[in-house]
Amino acid sequence: MPGAARARGARRTVPLPDRSVWDLTLQARWARTLGQRPDMPSRSPYILYRGPFYTPSGYTYEARTLLRHFLSAGFTVRTLPAALRLLRRPAVLRRLAPDLYDLHAAVRGRRPTVELTHMPACYFAPLARGAVRIGRTMFETDRLPADWVRACNRMDEIWVPSTFNARTFAESGVREEKIRVLPLGVDTQRFHPGVPPLPIPGARGFVFLANFAWQQRKGWPLLVEAFVREFRPHEDVTLVLKTLPVFHARDTVRRQLHRWIRRLGFTPGHTAPIVLDQRVLPSDALPRLYAACDAFVLPTCGEGWGFPFLEAMACGKPVIGTRWSGPLDFLHDGNAYLIDIEGLVPVGHSVELGRFYRGHRWAKPSVDHLRALMRHVVEHPGEALARGHRARLEVEQRWDVAHTAARFIEALTRWVRITPYAVHVSH
């Protein structure tokens, strides 16, 4: 009881969000930048932005990055958490993201012009009457769940990251005129060759890195199978599985890995080294993680986009990835090693988030081809480095976040122009 009383007291003592300084700053930015355009309003447009700003994921990276660029452009943004109930818990919001805390407050006397929801489409829901509704989302199989299609068609525009998703969304029934392909790149000033490598206990020799959330969709069982079958215990090569246990406890992840190795006919600890790294790394350590490897590998079954591939490429590392889905917008045979697939297969019922995938298919990467590519990269390090160098140059030229984020700014300005914009015929 005393602990509960202290918790209630802590909630009461947290000051309410105060966005007054933010709004003055944002109006000044707007006046210096987009507000000088003749077709833009003089007053900074009010944007309601709901997204997963707090937990480590691709969605979070995107939401955080886009928010930073929207604020830099001078948009008056109010952030909403994915779980709206958190608005009633200011102490939690302040602890999770003190830099965003004041942005949770509503703008007094104004209604939002645009409502941007940056979440899986099953969570799309209207929040602001009369606002333009934009959804930013993605999916990783050959189709969408039916409720996602209905939710997307109720929006004014859908922003997807890849041409793969533009196709799968349209083929599933999302109206093509609503779909806009807007990829988000990486910060090539942050991810670049030459940063000091992060120590990885247990790694030796040639290091393969896989950086992913612990899900079967990421293809970790295929990767482990290819590695233990291709490389012998005495070979100077290591597989590092850098993962976060999103759906499982840490000890469960290790048990699953060891169980799978035994099913393959091997004994854990008696194969070529496999390092399971479940550390939560600070953001500035992530480039150093890539610097600690010689090649990045992930035989994913499907991706809407695939940030870890781009991050590794920006660091000049050779990449081995699946010849299917979203990453093919930036991966090709000239800058990466692409794993052939044995076709599309039904998604199993036991996979994480399986309720979304009923009746869907995704890729089955070839274990034999993955083995051959991993062996080739180890035996041809000069060629692999040259391919990684080409990848770095392409990321700098095409996929730097400064260039790609500018496209989001322009897409947003379309809906806040002084000239009349599209009416909400879908609502």
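Any idea which of Arg407, Arg355 is under 23 Å from the mean Cα position of the chain (by Cα), farther than 27 Å from Ala272 by Cα, basic (Lys, Arg) and modelled with pLDDT of 95 or more?
After applying the criteria, what remains is Arg407.
All but one of (1) out of contact with any Pro (no Cβ under 6 Å at 6 or more places or on another chain); (2) closer than 24 Å to Val416 by Cα; (3) surrounded by 15 or more Cβ atoms within 10 Å (Cβ to Cβ) hold for Asp102; which doesn't?
It is condition (1) that Asp102 fails.
Identify the single condition in (1) farther than 17 Å from Lys218 by Cβ; (2) surrounded by fewer than 24 Cβ atoms within 10 Å (Cβ to Cβ) that Met313 does not satisfy, given that it satisfies every other one.
Only one criterion is unmet by Met313, namely (2).
Please state which one of Arg361, Arg387, Arg392 is out of contact with any Lys or Arg (no Cβ under 9 Å at 6 or more places or on another chain) and either modelled with pLDDT under 95 or not hydrophobic (A, V, I, L, M, F, W, C) (or both).
Arg387
Would you mind telling me which numbered condition in (1) closer than 22 Å to Asp284 by Cα; (2) surrounded by 22 or more Cβ atoms within 10 Å (Cβ to Cβ); (3) of a type outside the set (Ser, Thr, Tyr) Ile47 fails?
For Ile47, the failing item is (1).
If we scan the stretch 78-86, do we find a residue that is under 16 Å from the mean Cα position of the chain (by Cα), among the aliphatic types (A, V, I, L, M) and closer than 30 Å to Leu353 by Cα?
Yes, there is a match, as at least one residue in the stretch 78-86 is under 16 Å from the mean Cα position of the chain (by Cα), among the aliphatic types (A, V, I, L, M) and closer than 30 Å to Leu353 by Cα.
Is it the case, given these coordinates, that Arg32 is out of contact with any Cys (no Cβ under 6 Å at 6 or more places or on another chain), surrounded by fewer than 17 Cβ atoms within 10 Å (Cβ to Cβ) and at pLDDT 95 or above?
yes
Taking interchain pairs and intrachain pairs at least six residues apart, which have beta carbon atoms under 9 angstrom, with the first residue in the stretch 375-401 and surrounded by 15 or more Cβ atoms within 10 Å (Cβ to Cβ) and the second part of a helix (DSSP H, G or I) and among the polar types (S, T, N, Q)?
Val401/Thr65
Of all residues being in a helix (DSSP H, G or I) and without any contact (Cβ under 8 Å) to a residue 12 or more places away in the chain in the stretch 48-83, which is nearest to Met138 (Cα to Cα)? Just the residue, please.
Among those residues, the one meeting the criterion is Thr60.
Here's the yes/no breakdown for (1) more than 30 Å from Leu328 (Cβ to Cβ); (2) modelled with pLDDT under 95:
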{"residue": "His248", "(1), (2)": "no, yes"}
{"residue": "Phe266", "(1), (2)": "yes, no"}
{"residue": "Asp277", "(1), (2)": "no, no"}
{"residue": "Ser283", "(1), (2)": "no, yes"}
{"residue": "Pro287", "(1), (2)": "no, no"}
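Given the residues Ala106, Ala97, which is the only one that is farther than 30 Å from Leu353 by Cα and touching a residue at least 12 places away in the same chain (Cβ under 8 Å)?
Ala106
Which condition does Ala106 not pass, out of (1) more than 19 Å from the chain's Cα centre (by Cα); (2) farther than 30 Å from Lys242 by Cβ; (3) outside any loop (DSSP other than H, G, I, E, B), if it passes all the others?
That leaves (3) as the condition not met.
Being under 29 Å from Arg398 (Cβ atoms) and either aromatic (Phe, Trp, Tyr) or assigned to a loop (DSSP other than H, G, I, E, B) (or both) narrows it down to one residue among Arg190, Arg204, Arg167; which is it?
Step by step, each of Arg190, Arg204, Arg167 is checked, and only Arg190 is under 29 Å from Arg398 (Cβ atoms) and either aromatic (Phe, Trp, Tyr) or assigned to a loop (DSSP other than H, G, I, E, B) (or both).
Does the stretch 142-156 hold any residues that are buried (at least 22 other Cβ atoms within 10 Å of the Cβ) and touching a strand residue (DSSP E or B) at 6+ places or on another chain (Cβ under 8 Å), and which are they?
Answer for the stretch 142-156, where residues must be buried (at least 22 other Cβ atoms within 10 Å of the Cβ) and touching a strand residue (DSSP E or B) at 6+ places or on another chain (Cβ under 8 Å): Ala151, Cys152, Met155.
Answer yes or no: is there a residue in the stretch 183-201 that is out of contact with any Asp or Glu (no Cβ under 6 Å at 6 or more places or on another chain) and within 21 Å of Thr117 (Cα to Cα). Before the answer, list the steps.
First, the residues of the stretch 183-201 that are out of contact with any Asp or Glu (no Cβ under 6 Å at 6 or more places or on another chain): 183, 187, 189-190, 192-201.
Within this subset, residues satisfying the condition of being within 21 Å of Thr117 (Cα to Cα) are 183.
Scanning the stretch 183-201, I find at least one residue that is out of contact with any Asp or Glu (no Cβ under 6 Å at 6 or more places or on another chain) and within 21 Å of Thr117 (Cα to Cα), so the answer is yes.
The values are calculated or read from the model by the stated rules, or taken from the named source; none is laboratory data. Owing to the predicted nature of the structure, the values given are computational and were not obtained by experimental measurement. Glycine also receives a Cβ, built like all others from the backbone with ideal geometry; neighbour counts cover every protein chain displayed.
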